[in-house]
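Asks: Please read through the structure below; I'll follow up with questions.
The values are calculated or read from the model by the stated rules, or taken from the named source; none is laboratory data. As the structure is a prediction and not an experimental result, all values here were calculated from the model. Methodologically, a virtual Cβ is constructed for each residue, glycine included, from the backbone with ideal geometry; neighbour enumeration extends over all protein chains shown.
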Amino acid sequence: MSEVARPSLWRQRDFVKVWSAATVSVVGSQVTLIALPFIALTSLGASVLQVSLLAAVEMLPFLLVTLPAGAWLDRVRRRPVMIAADLVRGVVLLSIPFTYFFGELTLLHLYLVAFITGAGTAFFDVADQSYLPALLDREDLVDGNARLQISYSAAQIGGPTLGGNLIALVAAPIAIAADALSFFISAAVISSIDKPEIKPERPVGADGRPASMRAEILAGLRYVLGNRYLRPIAACTGISNLFASALFGVFPFLIWNELHMPPAFFGTVMGLGSFGFLAGAALANRLPRAIGLGPTIAVSAAMSAPAFLLMTLTPATLSWAALTLSVGWFVAGLTQVLYNVAQISLRQAITPPAMQSRMNATMRFIVWGTIPIGSIMGGVMATLLPVRLALIIAALGTFIACLPVIFSPVRSLRDIPEENAGTTPAVDRGVPASVVREDPGRPIPEA
């Protein structure tokens with residue numbers, strides 16, 4: 001008897017809605033990614049350290065609220081949280097063109113907007129990562145994450161070009177209104193999802209009483225740090241983000257203040273380089289089948305560092321700058337998508353439903369918590385050293401990020417292992433077995 005083909009994910013309406021919301025939001029965010037540092041540097045006269053702090057402030061909530069957010073999100077439905085986070089971010093971003101119109105925009109205002117939108121992203125990201133498994137079967141996770149990355153890739157191809165040209169046509173603060181609108185559209189699309197979401201049961205301790213928030217946070221930390229697959233992935237991603245954020249926190253200063261690139265030129269070049277995201281999305285499902293899931297994670301982690309180094313060597317000549325930026329960004333995008341699809345799918349598949357949000361929150365705490373530290377580190381280095389030298393040092397630091405996965409069991413994985421694989425039994429780690437049990441109701445969230 002021939003194997004029955006699985007239905008196409010594009011025919012699953014709720015998955016398509018999540019995909020559509022993500023695509024619209026990412027397109028808008030690409031505008032703000034270029035516009036915020038441009039405003040700080042050109043309109044408010046920010047220094048290189050102040051621009052780096054702007055990037056750090058946006059990621060600071062991942063250090064402050066991610067762990068409690070993960071424990072809380074394992075108790076509630078995730079979709080309403082995603083909608084609320086979208087609405088908050090949209091409203092806050094609209095305050096930038098509003099204050100700009102009345103001549104009241106300040107650097108402190110940008111910091112406040114960056115922090116609040118960062119907090120909204122922290123809640124949305126953990127809920128979003130924990131929601132996809134509620135919509136898709138386990139066998140569809142790699143394919144689903146790859147399809148999502150295709151949409152992200154398209155957004156990252158057109159987004160920088162759109163952002164650069166919007167800034168060239170209208171004032172940068174006005175262009176940010178496009179990002180605000182994208183969050184409102186995303187909230188509306190997510191609100192229209194038909195599939196009901198089962199409210200997760202609150203975990204209970206060994207004494208049968210509901211577990212405290214502190215106990216649930218510790219359970220998530222123990223789960224990730226006690227898993228031989230999740231631990232090296234967290235170390236690899238955290239180290240990479242530390243040095244990459246040091247690099248990209250300073251990079252706008254090189255582009256706008258030292259190389260004096262026109263916004264439309266920079267946006268177009270980065271848009272062309274972003275075809276690497278699309279290439280990565282196209283390979284994300286094929287490469288693990290060809291060489292194995294673990295080798296895909298290891299190779300993609302190792303190949304991003306040379307791309308970052310190439311970008312730091314961007315010359316002042318526009319033609320050569322276009323080449324180094326587009327090639328560097330192409331390779332960085334390609335490897336980022338391959339790495340993310342493979343490791344996120346692995347994380348989702350091996351984690352029990354009742355632990356999904358806390359696993360994702362713990363991973364986000366570790367791997368995105370290093371970003372504000374890296375941004376500050378980059379700003380300090382660029383203040384004490386020539387900007388170009390600071391960028392090269394940061395790029396060289398990314399070369400060590402791949403070592404934790406290369407020298408771990410992750411490297412030898414051919415396929416996704418069984419659920420809860422690589423984890424010491426809960427009782428051996430001091431975690432009540434009821435905390436990590438499989439919930440028959442399967443209130444699984446997304447990737």
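Asks: Mind checking whether some residue in segment 210-224 is touching a residue at least 24 places away in the same chain (Cβ under 8 Å) and within 23 Å of Ser375 (Cα to Cα)?
Replies: No, there is no match, as no residue in segment 210-224 is touching a residue at least 24 places away in the same chain (Cβ under 8 Å) and within 23 Å of Ser375 (Cα to Cα).
Asks: Name the one entry in Leu242, Leu254, Leu247 that is among the hydrophobic types (A, V, I, L, M, F, W, C), touching a Phe, Trp or Tyr at 6+ places or on another chain (Cβ under 9 Å), in a helix (DSSP H, G or I) and within 25 Å of Met381 (Cβ to Cβ).
Replies: Going through Leu242, Leu254, Leu247 in turn, the sole match is Leu247.
Asks: Which condition from (1) in a helix (DSSP H, G or I); (2) at positive phi is the one that Trp19 breaks?
Replies: Of everything listed in (1) in a helix (DSSP H, G or I); (2) at positive phi, Trp19 misses just condition (2).
Conditions tested, residue by residue: (1) under 23 Å from Met377 (Cα atoms); (2) without any contact (Cβ under 8 Å) to a residue 40 or more places away in the chain.
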{"site": "Ser29", "(1), (2)": "no, no"}
{"site": "Leu44", "(1), (2)": "yes, no"}
{"site": "Arg78", "(1), (2)": "no, no"}
{"site": "Phe98", "(1), (2)": "no, yes"}
{"site": "Ser130", "(1), (2)": "no, no"}
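Asks: Run Leu403 past the list (1) at pLDDT 90 or above; (2) crowded, with 23+ Cβ neighbours inside 10 Å and report the number of the one that doesn't hold.
Replies: (2)
Asks: Here's something else I'd like to know. Residues Ala168, Ala206, Ala244: which one is of a type in the set (A, V, I, L, M), crowded, with 18+ Cβ neighbours inside 10 Å and at pLDDT below 95?
Replies: Ala244
Asks: Which residues, counting only those in segment 115-130, are modelled with pLDDT under 80 and surrounded by 21 or more Cβ atoms within 10 Å (Cβ to Cβ)?
Replies: Across segment 115-130, the qualifying residues are Val126, Asp128, Gln129, Ser130.
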